[in-house]
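Report on one structure; see the data block that follows.
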Amino acid sequence: MKNYVIIGNSIAGTSAVKAIREIDKENKIILISDEKYLNYSRPLISYLLAQKVSSDRLNYLPNDFYQKNNVELLLNKKALKLDIKDKNVLLNDKSKIKYDKLLLATGGTAIIPQISGLDCEGVFNFMKLSDIEKIEKYLKKNKVKKSVVIGAGLIGLKATEALMNINIKVSIIEIADRILPMTFDKQASEIYEELLKIEGCEIILNNSAVEIRQDSKSKVCEVILKDDKKIKTDLVIIATGVRPNIELAQGTEISTNRGFLVDKKMRTNIDDIYAAGDC
């Protein structure tokens, strides 16, 4: 019996399950995820926060997908290390998963800027469903009226849209000279900026956050910018970008650059190890 092991339970990982089952109905598929959810569409998490969709609308696959495809699903298990010689994946519960073919579908991870005070209560990422759940819990416990979004890329703008939709004032801080600098040219960015300003959003360009300050209860209360400008806030979203998650390559001979390096068949330089998706 052959073991196909997939690390990652998002689009690349579940698509691989479908592809394998098209040609192999018998051999074992083990799918490892460090999240607790069966599956969900990441682009929809902002609409969940904005109260435009309910949590039961996030799934892009039926719940019986794994059972029907004979997948052993390991949720809330983080792959910590690869033993390429013996073909094992070491998990955070100290168990080892043997593989014959391994797919790295580890996705992306948030880029965390060098800002003091990131450990304040009320500072969040905006990458995963668990981030949204933490934000919602914080909103319920606190009277949040003002927020700061650090980063005006796609994730930052999705966060901004969601917060404004639930009547929270947003100040966006962007180090570049326009919002969505990797997506739009200056003219297109200016059109979007004007629309946001009409809706009451404050946009601060050519600037960056250097410090997040907390109040006497250790909750975020202020963001200090590079030019010493101070912004009062009740909540901070960090949205300064995403990079490929290639942690598992550390200590191995797997070739990487900004992500895992693969050929046209998605093979890494190591026999029987493949990579796909944002990583």
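The values are calculated or read from the model by the stated rules, or taken from the named source; none is laboratory data. Remember, it's a predicted structure, so these values are computed and weren't measured experimentally. Here the Cβ positions follow ideal geometry from the backbone for every residue, glycine too, while neighbour counts run over all protein chains shown. All accessible areas refer to the heavy atoms of the entire protein, side chains included, with ligands and DNA or RNA removed. Shrake-Rupley method; radii C 1.70, N 1.55, O 1.52, S 1.80 Å.
When segment 162-190 is filtered for residues that are in contact (Cβ under 8 Å) with a residue 60 or more places away in the chain and more than 16 Å from ILE204 (Cα to Cα), the ones remaining, listed by number, are ALA162, LEU163, ASN165, ILE166, ILE168.
Counting only residues that are in a loop (DSSP other than H, G, I, E, B) and under 21 Å from ALA19 (Cβ atoms), segment 95-104 holds 2 of them. LYS128 falls short on exactly one of the conditions (1) open to solvent by less than 30 Å² (accessible area, probe 1.4 Å); (2) within 26 Å of VAL210 (Cα to Cα); (3) touching an Asp or Glu at 6+ places or on another chain (Cβ under 7 Å), and that condition is (1). Of all residues in segment 143-172, those being hydrophobic (A, V, I, L, M, F, W, C), touching a strand residue (DSSP E or B) at 6+ places or on another chain (Cβ under 6 Å) and part of a helix (DSSP H, G or I) number 3. Screening LEU61 against (1) assigned to a loop (DSSP other than H, G, I, E, B); (2) free of Cβ contacts under 8 Å to residues at least 24 places away in the same chain; (3) open to solvent by less than 60 Å² (accessible area, probe 1.4 Å) leaves a single unmet condition, (2).
For segment 44-54, the set of residues classified as free of Cβ contacts under 8 Å to residues at least 24 places away in the same chain and either part of a helix (DSSP H, G or I) or under 17 Å from the mean Cα position of the chain (by Cα) (or both) consists of LEU44 only.
Among the conditions (1) open to solvent by 20 Å² or more (accessible area, probe 1.4 Å); (2) outside any loop (DSSP other than H, G, I, E, B); (3) aromatic (Phe, Trp, Tyr), TYR37 misses just one, which is (2).
You will find that of VAL210, VAL223, the residue that is open to solvent by less than 60 Å² (accessible area, probe 1.4 Å) and outside any loop (DSSP other than H, G, I, E, B) is VAL223 and no other.
Scanning segment 65-94 for residues that are out of contact with any Phe, Trp or Tyr (no Cβ under 6 Å at 6 or more places or on another chain), part of a loop (DSSP other than H, G, I, E, B) and either modelled with pLDDT under 95 or more than 30 Å from TYR47 (Cα to Cα) (or both) returns ASN70, ILE84, LYS85, ASP86, ASN92, ASP93, LYS94.
The set of residues in segment 248-279 that are aliphatic (A, V, I, L, M), assigned to a loop (DSSP other than H, G, I, E, B) and open to solvent by less than 70 Å² (accessible area, probe 1.4 Å) comprises ILE254, VAL262, ILE270, ALA276.
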